[in-house]
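Please treat every number below as a calculation from the coordinates, not as lab data. The structure presented is a predicted model; accordingly, all values stated were derived computationally and were not measured. Here Cβ is always computed from backbone atoms with ideal geometry, including for glycine, and neighbour counts include all displayed protein chains.
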Amino acid sequence: ATPELYLALGLSHFNFGSYARAIANCDRALSLDAKFDRAALLKGRAYARLSNPGEATRWLRKSLAWNADCDFCRYELATVLAGNGGDAEAEALLRQVLTTNPRNSAAHYRLGRMLSARNDAAGAIAEFEAAIAADPDHDSAYYQLSRLYAARGDAARAASARAAVKR
């Protein structure tokens, strides 16, 4: 067996919601290749799904340390850190992702949610609009925009964003 085979098995278990089995297969892969960044990434994602942010953070940090160019690792780490006491670091990670890939709609959306939560409406609107520019079918970004526009008293833009969600 190879580390890649165990990773493939782990990914299969992950996709079917069997996160403990995914972790076990990642452990097998890591026993054969102690710095297998993709196994650490999957293990971190599985721990996140198991609502274990401490272990998720630990494994996602390892994956990023072993593969510093991994924007997906940065994004996944940011999603775990956001709301778990690591908002500042999560924002910095998302901004790094957007520096290398300005059309990453998921990162724009996540950053928009963070900015909205801290009442930075202008920043949030800019991020949700960037998410939509990158992915015109991003219904959640339209919905968040409609809420922000309505809160700012911009009924026309709020209605336009709600209409986009309905389409």
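Karplus-derived 3J(HN,Hα) values for the stretch 111-127, using 6.51 cos²θ - 1.76 cosθ + 1.60 with θ = phi - 60°, are 5, x, 4, 5, 5, 4, 5, 9, 6, 9, 4, 4, x, 4, 4, 4, 5 Hz; glycine and proline are entered as x. Of all aspartates and glutamates in the structure, those lying under 12 Å Cα to Cα from K166, and not within fewer than 8 positions of it along the same chain, are D137, D139. Here the stretch 124-167 and the stretch 1-79 have alpha carbon centers that stand 34 Å from each other.
Is the stretch 107-167 best put as rounded, prolate or oblate by its Cα gyration tensor, with a ≥ b ≥ c the root eigenvalues, rounded for a/c under 1.5, and otherwise prolate when a/b is larger than b/c, oblate when not? Kindly include the intermediate steps, with their values, before the conclusion.
Values: a/c = 2.14, a/b = 1.09, b/c = 1.96.
Oblate, since a/c reaches 1.5 and b/c is not below a/b.
Cross-link reach is defined here as a Cα-Cα straight distance under 20 Å, omitting same-chain residues fewer than 8 places apart; for K62 the lysines meeting it are K35, K43. S146 sits among other residues whose Cβ lies under 13 Å from its own Cβ, and their net charge, with Lys and Arg +1 and Asp and Glu -1, is +3.
Summing Lys and Arg as +1 and Asp and Glu as -1 over all other residues whose Cβ lies under 12 Å from the Cβ of I132 gives a net charge of -4. Among the trypsin sites (Lys or Arg not before Pro) in the stretch 32-68, those located in a DSSP loop and surrounded by at most 13 other Cβ atoms within 10 Å of their own Cβ are K35.
Using a simple charge model, +1 on the beta-carbon of Lys and Arg, -1 on the beta-carbon of Asp and Glu, nothing else, what dipole does the stretch 1-98 show about its Cα centre, in debye to the nearest 20? Dipole size: approximately 240 debye. Dividing the alpha-carbon radius of gyration of the stretch 1-44 by the rule-of-thumb value 2.2 N^0.38 Å gives 0.95. All other residues whose Cβ lies under 15 angstrom from that of A24 are scored, Lys and Arg at +1 and Asp and Glu at -1, for a net of +3. Normalising the average separation of contacting C-alpha pairs (under 8 angstrom, six or more residues apart) by the number of residues puts the relative contact order of the chain at 11 percent.
Taking a ≥ b ≥ c as the square roots of the eigenvalues of the alpha carbon gyration tensor, the stretch 10-79 is oblate, as a/c is not under 1.5 and a/b does not beat b/c. Semi-axes of the equivalent ellipsoid of the stretch 61-167 are 27, 14, 9 Å, computed as sqrt(5λ) over the eigenvalues of the C-alpha gyration tensor in descending order.
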